[in-house]
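Student: Take a look at this one; I'll ask things after.
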Amino acid sequence: MNLINFSLETESRYDRHNLIEWWDQNKLKKAKILVTGVGALGNEVLKNLALLGVENLTLIDFDQVSISNLTRSILFRETDVNLPKVEVAKQRLLDINPELNITTINGDLEFDLRLGFVQEHDLIIGCLDSINARWVINQLAYRAGIPWLNGGIGVSEGEVSFFDPKEDTACYECSLSSQMWERRNKRYSCQGLKRELPDMAMPTTAPIASVVSAMQVQQALLYIHGDESFLKSGEKIFVSFKPWHSFKVNIQRQKDCLSHDFKVKKTIKIKYNPHLTVGELLAKIKQNNDLNPVLWLRNEILHQMICLNPNCNFREIINQPLRQYNETKLNCPHCQKERDLEIIEKISSENSHLNLTFKDLCIFENEILYCETKQGKINIHFV
Ligand SMILES: [Zn+2]
Ligand SMILES: [Zn+2]
């Protein structure tokens with residue numbers, strides 16, 4: 001019998017991996033993966049990545065551990081209730097594999113991830129439970145040029161899809177039906193302000209989370225090895241266990257889907273300074289011979305609110321992303337009448353907002369913004 005002799009002296013953590021012919025543990029060691037969402041899927045995905053020895057992980061989630069998470073979350077305990085999910089997950093992952101380098105963001109993936117930071121990763125794994133969160137990650141992935149893996153779970157069915165911006169294949173937005181858009185848009189008022197909706201608790205269990213996350217991590221593993229034998233970009237696998245059923249589809253690429261317009265060839269770097277005004281920035285770009293550059297913000301900014309009551313006229317400076325501002329604050333705090341919103345989505349030299357600073361416009365270090373110029377679209381990376 002050809003048994004391999006594992007003596008305690010020579011055995012090391014990844015010996016069983018190294019018996020696999022095509023395996024390259026070094027590729028896993030070097031890969032950097034952004035895991036968005038540390039719920040049922042996120043727990044399982046992270047556990048598998050830690051066991052595999054994928055050493056560089058970034059975790060983002062804004063939530064705290066709750067008692068009802070404990071039926072599906074291998075990294076959480078009863079004593080962790082009310083603690084930030086990302087911090088608890090980090091400690092448990094380091095118990096599993098002390099060699100990991102883990103970065104945590106206890107925040108909102110829509111407003112707390114900078115594009116330059118996203119670009120430092122090789123792959124994004126989406127462990128999300130809402131259409132809006134998936135749409136946001138799709139936008140980030142296509143703007144950053146980083147592939148992403150989407151997972152979704154129900155009671156006894158789930159799906160995994162893979163989207164690579166380097167390929168001219170379908171993205172997540174291409175797969176959205178009009179009903180899905182409707183569901184997503186319910187989160188916002190007609191002006192685009194955030195609506196307070198009750199949290200929809202989704203019925204699900206550990207076995208389906210284990211299966212779907214295992215498929216996500218298997219795809220990540222193969223992608224890191226340059227192997228396309230499981231999922232190609234634009235493909236989706238659906239599985240059901242009650243009754244058993246599975247199929248793979250090619251998602252249709254929608255010709256008018258806007259997510260694919262993000263490809264920009266040229267990037268210029270500008271030193272970040274929160275007090276720099278947009279006027280000063282545009283002047284710098286003009287020095288490079290462009291007469292009329294137009295800077296696009298990544299999130300529309302609610303600049304100010306003006307009371308429509310002629311006897312009041314109260315003006316309030318807000319300077320916050322529009323989608324983050326709560327609809328309940330729409331009316332004037334003085335006279336309770338409706339207010340007009342001044343929203344900024346782009347700035348050119350003819351604009352009246354040239355005195356606003358990066359800080360006012362919620363532009364942070366390591367962000368990348370688009371600028372339309374005579375030479376076509378360019379990216380501006382604030383370093
Ligand atoms: Zn698309
Ligand atoms: Zn008023």
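Student: Return the only residue of Glu44, Glu99, Glu55, Glu78 being modelled with pLDDT of 95 or more, surrounded by fewer than 15 Cβ atoms within 10 Å (Cβ to Cβ) and either of a type in the set (S, T, N, Q) or closer than 28 Å to His225 by Cα (or both). Steps first, please.
Tutor: Details: Glu44 fails: surrounded by fewer than 15 Cβ atoms within 10 Å (Cβ to Cβ); Glu55 fails: surrounded by fewer than 15 Cβ atoms within 10 Å (Cβ to Cβ); Glu78 fails: either of a type in the set (S, T, N, Q) or closer than 28 Å to His225 by Cα (or both).
One residue alone meets the criteria, Glu99.
Student: Tell me the residue from Glu367, Glu316, Glu342 that is touching a Leu at 6+ places or on another chain (Cβ under 7 Å) and of a type in the set (Asp, Glu), please. Even if it seems obvious, please write down each step before you answer.
Tutor: Working: Glu316 fails: touching a Leu at 6+ places or on another chain (Cβ under 7 Å); Glu342 fails: touching a Leu at 6+ places or on another chain (Cβ under 7 Å).
Result of the check over Glu367, Glu316, Glu342: Glu367.
Student: Can I ask one more? Could you please find all residues in region 120-156 being touching a strand residue (DSSP E or B) at 6+ places or on another chain (Cβ under 7 Å), buried (at least 19 other Cβ atoms within 10 Å of the Cβ) and over 20 Å from Arg183 (Cα atoms)?
Tutor: Matches in region 120-156: His121, Leu123, Ile124, Ile125, Ala141, Ile146, Pro147, Trp148, Leu149.
Student: Something else: Please count how many residues of region 196-228 are at pLDDT 90 or above and either touching a strand residue (DSSP E or B) at 6+ places or on another chain (Cβ under 9 Å) or surrounded by 13 or more Cβ atoms within 10 Å (Cβ to Cβ) (or both). Walk me through it before giving the result.
Tutor: Taking region 196-228 as the starting set, the residues that turn out to be at pLDDT 90 or above are 203-228.
Now drop any that are not either touching a strand residue (DSSP E or B) at 6+ places or on another chain (Cβ under 9 Å) or surrounded by 13 or more Cβ atoms within 10 Å (Cβ to Cβ) (or both), which leaves 204-225, 228.
Qualifying residue count, region 196-228: 23.
Student: Continuing with the same structure: Given the conditions (1) in a strand (DSSP E or B); (2) among the β-branched types (Val, Ile, Thr); (3) surrounded by 15 or more Cβ atoms within 10 Å (Cβ to Cβ), which single one is not true for Ile285?
Tutor: Unmet condition: (1).
Student: With the requirement that a residue be farther than 19 Å from Ala214 by Cβ and surrounded by fewer than 23 Cβ atoms within 10 Å (Cβ to Cβ), what does region 61-75 give you?
Tutor: Start the filter on region 61-75 by keeping residues that are farther than 19 Å from Ala214 by Cβ, which leaves 61-70.
Once the filter is applied, which keeps residues that are farther than 19 Å from Ala214 by Cβ and surrounded by fewer than 23 Cβ atoms within 10 Å (Cβ to Cβ), region 61-75 yields Phe62, Asp63, Gln64, Ser66, Ile67, Ser68, Asn69, Leu70.
This table checks each residue for (1) outside any strand (DSSP E or B); (2) among the charged types (D, E, K, R); (3) modelled with pLDDT of 95 or more.
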site	(1), (2), (3)
Cys335	yes, no, yes
Glu342	no, yes, yes
Glu345	no, yes, yes
Glu350	yes, yes, no
Cys362	yes, no, yes
Asn366	yes, no, yes
Tyr370	no, no, no
Ile378	no, no, no
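Student: So which of Leu291, Leu341, Leu276, Leu356 is within 16 Å of ligand 2 (Cβ to nearest atom), farther than 30 Å from Asp164 by Cβ and in contact (Cβ under 8 Å) with a residue 60 or more places away in the chain?
Tutor: Numbers: Leu291 fails: within 16 Å of ligand 2 (Cβ to nearest atom); Leu276 fails: within 16 Å of ligand 2 (Cβ to nearest atom); Leu356 fails: within 16 Å of ligand 2 (Cβ to nearest atom).
Among Leu291, Leu341, Leu276, Leu356, only Leu341 is within 16 Å of ligand 2 (Cβ to nearest atom), farther than 30 Å from Asp164 by Cβ and in contact (Cβ under 8 Å) with a residue 60 or more places away in the chain.
Listed here are the residues, each with its yes/no results for (1) assigned by TED's automatic domain parsing to the domain that holds Gly116; (2) within 29 Å of the chain's Cα centre (by Cα); (3) on the phi > 0 side of the Ramachandran plot.
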| site | (1), (2), (3) |
| --- | --- |
| Asn313 | no, no, yes |
| Glu316 | no, no, no |
| Asn319 | no, yes, yes |
| Cys335 | no, no, no |
| Glu338 | no, no, no |
| Ile347 | no, yes, no |
| Glu350 | no, no, no |
| Phe364 | no, yes, no |
| Leu369 | no, yes, no |
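Student: Go through region 126-136 and report how many residues are more than 18 Å from Lys194 (Cα to Cα) and under 9 Å from the mean Cα position of the chain (by Cα).
Tutor: 1
Student: Another question, then. How many of the residues in region 294-314 are more than 16 Å from ligand 2 (Cβ to nearest atom) and either of a type outside the set (D, E, K, R) or farther than 20 Å from Glu345 by Cβ (or both)?
Tutor: Final tally of qualifying residues: 8.
Student: I'm trying to understand the selection: among the residues of region 157-180, which are within 21 Å of Gly226 (Cβ to Cβ) and surrounded by fewer than 24 Cβ atoms within 10 Å (Cβ to Cβ)?
Tutor: From region 157-180, those within 21 Å of Gly226 (Cβ to Cβ) are 160-169; that's our starting set.
Once the filter is applied, which keeps residues that are within 21 Å of Gly226 (Cβ to Cβ) and surrounded by fewer than 24 Cβ atoms within 10 Å (Cβ to Cβ), region 157-180 yields Asp164, Pro165, Lys166, Glu167, Asp168, Thr169.
Student: Of the numbered conditions (1) within 16 Å of ligand 1 (Cβ to nearest atom); (2) in contact with a Lys or Arg (Cβ under 8 Å, 6 or more places away or on another chain), Glu159 satisfies every one except a single condition; which is it?
Tutor: Result: Glu159 passes all but (1).
Student: Test Val239 against the stated conditions and say whether it is among the β-branched types (Val, Ile, Thr), assigned by TED's automatic domain parsing to the domain that holds Ile20 and in contact (Cβ under 8 Å) with a residue 60 or more places away in the chain.
Tutor: Working: among the β-branched types (Val, Ile, Thr): yes; assigned by TED's automatic domain parsing to the domain that holds Ile20: yes; in contact (Cβ under 8 Å) with a residue 60 or more places away in the chain: yes.
Yes: the conditions hold for Val239.
The values are calculated or read from the model by the stated rules, or taken from the named source; none is laboratory data. What you see is a predicted model; the values in this text were computed from it and never measured. Please note: Cβ atoms are built from the backbone with ideal geometry, for glycine as well, and neighbour counts cover all protein chains shown.
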